[in-house]
Number of protein chains: 4
Amino acid sequence: MAKTFTIKRRVQFAETDLASILHFANYYRFMEEVEHSFWRSVGQSVMADHDGAVISWPRVKTGCEYFAPAHFEDELDLVLTLTDLTNRSVSYEIEFLRGQQRLALGRTTAVCCTMDNGELKAVSIPAFLRTPLEEMAQSRKP
Amino acid sequence: MAKTFTIKRRVQFAETDLASILHFANYYRFMEEVEHSFWRSVGQSVMADHDGAVISWPRVKTGCEYFAPAHFEDELDLVLTLTDLTNRSVSYEIEFLRGQQRLALGRTTAVCCTMDNGELKAVSIPAFLRTPLEEMAQSRKP
Amino acid sequence: MAKTFTIKRRVQFAETDLASILHFANYYRFMEEVEHSFWRSVGQSVMADHDGAVISWPRVKTGCEYFAPAHFEDELDLVLTLTDLTNRSVSYEIEFLRGQQRLALGRTTAVCCTMDNGELKAVSIPAFLRTPLEEMAQSRKP
Amino acid sequence: MAKTFTIKRRVQFAETDLASILHFANYYRFMEEVEHSFWRSVGQSVMADHDGAVISWPRVKTGCEYFAPAHFEDELDLVLTLTDLTNRSVSYEIEFLRGQQRLALGRTTAVCCTMDNGELKAVSIPAFLRTPLEEMAQSRKP
């Protein structure tokens, strides 16, 4: 598995604002999309059935630094890197690139939870989800 | 001026997701709404005309910690506090409260810019915008 | 009960687009907000528990005509009128007013459904939800 | 040019709601995306420079019928068909297909406008934008 996971994502009209740039909150949607694409790329989903429960990954912390604005119809590379993996949580960095230019850097930490009608309970990451995360983490070592 | 500025904001249906909670990216829209309400409360706007240019406040850094989920129709208090003020930038914290419970804590740093068709240029905060910010900062001192 | 139900709703920054106007898709969110406010005003919710099931109102048809653009920070009146009520469905019109000016006219038809994990099944509108709708319909007669 | 123009579009997590389905307002964003993709496919953009002005296409009427819900991670075909072309406006239908199943049918009418800071003025469709629309209209004839 590659050290990073990348998708291309074009900025859509509805995602701009009257400052004519990608609205700052929408970067967080982009972060989510590359993370969910990663899960699909390993044959899983961010919403997974496990032992009769539904596993999901609510965020406990997110953040983003913005270096230069993105505009309508820009096609960005969203580069996902796993930065930390604990018993119950995973952290990623997401680079926003337009060609060689780094427009933004996002960070997100999500906790593995079972969910039931809006109630969330943290659990250990089950093996079938941990394995692809460990492979991604492994590949980062020198 | 009070040390903090607060608005009430109800969680709307379209802002929830299939985990039955307020989607994590939408917290950033809530942060923006209380900031813009603050500007209106002092007779200004986040988009202000100044010397033939339009002033706006693009973000250079945002973040959020999530402690407990918010649900559909929850009425939250969004509490804005000014945490830093420089020549060109302002930083805020935004608490998300449901009654006495703190659901989340957001942070944002915005830079005063003139904008022209999606191009942004940082400038010193003009006096008419600096004054209400200084009053808010002042009121925080013991 | 009044013939119509009205809320005030301000256009937020994130809801504008690079044409500097309220993005056309966001009118549909506004329509939903006034409808859900109506339910709250009669002590109900668009998501209601009934006989161990959850009732909701998925749309089967929506539409909007746009007469003039709405801009950032405009405070609109959203005026909800019940236009049709059948055994299982309700139709509304929603006027978008800025002062006396009619900016848009929306229409929506929703069907009363029980929902279970994304699966929806149409049912007769239960009495506790039908009563406030009939009162609204009644009040429209001359 | 083909009679229709189609893109694939996956339903993202942030686009679902607590009914576990694609939120009805987001269909309108999908409609816009296939329309804008069409413009790119003919080497144009929905925001085009022309004679020192910016041309855009605000909507005057939109609508959608919903036949069956779309869910998270569904990959939909969005099929754009030109249904009417006048001196100043263009109308489209957009089919939402999941495999062979038709989930929804959208309609939109947009008017060719020059825009200046949120002010919109209807104009005749300039030749360089009319040509690809006429080719699409032409190809629909038997």
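Summary of computed values
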| item | result |
| --- | --- |
| Yes/no for C:ASP51 being among the charged types (D, E, K, R) and at positive phi | yes |
| Sole exception among (1) more than 29 Å from A:TYR66 (Cα to Cα); (2) under 17 Å from the mean Cα position of the chain (by Cα); (3) part of a strand (DSSP E or B) for A:ILE94, by number | (1) |
| Residue match in segment D:95-114 (condition: in contact with a His (Cβ under 9 Å, 6 or more places away or on another chain) and without any contact (Cβ under 8 Å) to a residue 24 or more places away in the chain) | no |
| Single match in C:ALA68, C:ALA127 (criterion: within 27 Å of B:GLU33 (Cα to Cα) and either more than 19 Å from the chain's Cα centre (by Cα) or modelled with pLDDT of 95 or more (or both)) | C:ALA68 |
| Conditions (1) part of a strand (DSSP E or B); (2) over 27 Å from D:ARG9 (Cα atoms): number failed by A:ASP77 | (2) |
| Extreme residue, nearest to A:PHE128 (Cα to Cα), among residues of segment A:57-72 that are assigned to a loop (DSSP other than H, G, I, E, B) and among the hydrophobic types (A, V, I, L, M, F, W, C) | A:TRP57 |
| Filtered residues of segment A:1-23 (kept if within 16 Å of the chain's Cα centre (by Cα) and either at the interface with chain B (Cβ under 10 Å from one of its Cβ atoms) or in a loop (DSSP other than H, G, I, E, B) (or both)) | A:ALA2, A:LYS3 |
| Residue in segment C:47-56 that is free of Cβ contacts under 8 Å to residues at least 24 places away in the same chain, farther than 24 Å from A:ALA14 by Cα, small (Gly, Ala, Ser) and within 7 Å of another protein chain (Cβ to nearest Cβ) present | no |
| When residues of segment A:35-51 are limited to those that are open to solvent by 50 Å² or more (accessible area, probe 1.4 Å) and in a strand (DSSP E or B), the one nearest to B:ARG29 (Cα to Cα) | A:ASP49 |
| Where a residue in segment D:125-138 is closer than 16 Å to D:SER56 by Cα and its partner, wherever it lies, is among the basic types (Lys, Arg) and at pLDDT 90 or above, with Cβ under 8 Å and at least six apart | D:ILE125/D:ARG88 |
| Odd one out for D:VAL54, checked against (1) closer than 30 Å to A:TYR28 by Cβ; (2) part of a strand (DSSP E or B); (3) open to solvent by less than 30 Å² (accessible area, probe 1.4 Å) | (3) |
| Failed condition for D:SER37, given (1) more than 11 Å from chain C (Cβ to nearest Cβ); (2) touching a residue at least 60 places away in the same chain (Cβ under 8 Å) | (2) |
| Any hit, segment B:21-29, residues being closer than 25 Å to B:ARG130 by Cα and in contact with a strand residue (DSSP E or B) (Cβ under 9 Å, 6 or more places away or on another chain) | yes |
| Residue that is surrounded by the most Cβ atoms within 10 Å (Cβ to Cβ) [pool: residues in segment D:1-34 that are farther than 30 Å from C:ASP49 by Cα and modelled with pLDDT under 95] | D:THR4 |
| Qualifying residue in segment B:115-136 (condition: outside any strand (DSSP E or B), on the phi > 0 side of the Ramachandran plot and surrounded by fewer than 20 Cβ atoms within 10 Å (Cβ to Cβ)) | yes |
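A quick yes/no check of all residues on (1) within 12 Å of chain C (Cβ to nearest Cβ); (2) among the charged types (D, E, K, R); (3) touching an Asp or Glu at 6+ places or on another chain (Cβ under 7 Å):
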position: D:GLU65; (1), (2), (3): yes, yes, no
position: D:ASP77; (1), (2), (3): no, yes, no
position: D:THR83; (1), (2), (3): no, no, yes
position: D:LEU97; (1), (2), (3): no, no, yes
position: D:GLN100; (1), (2), (3): no, no, no
position: D:ALA104; (1), (2), (3): yes, no, yes
position: D:ALA110; (1), (2), (3): yes, no, no
position: D:GLU119; (1), (2), (3): yes, yes, no
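The values are calculated or read from the model by the stated rules, or taken from the named source; none is laboratory data. Remember, predicted model here, so these are calculated numbers, not experimental data. We place every Cβ from the backbone using ideal geometry, glycine too, and count neighbours over all the protein chains shown. What goes into the accessible areas is simple: the full protein's heavy atoms, side chains included, and nothing from ligands, DNA or RNA. Shrake-Rupley method; radii C 1.70, N 1.55, O 1.52, S 1.80 Å.
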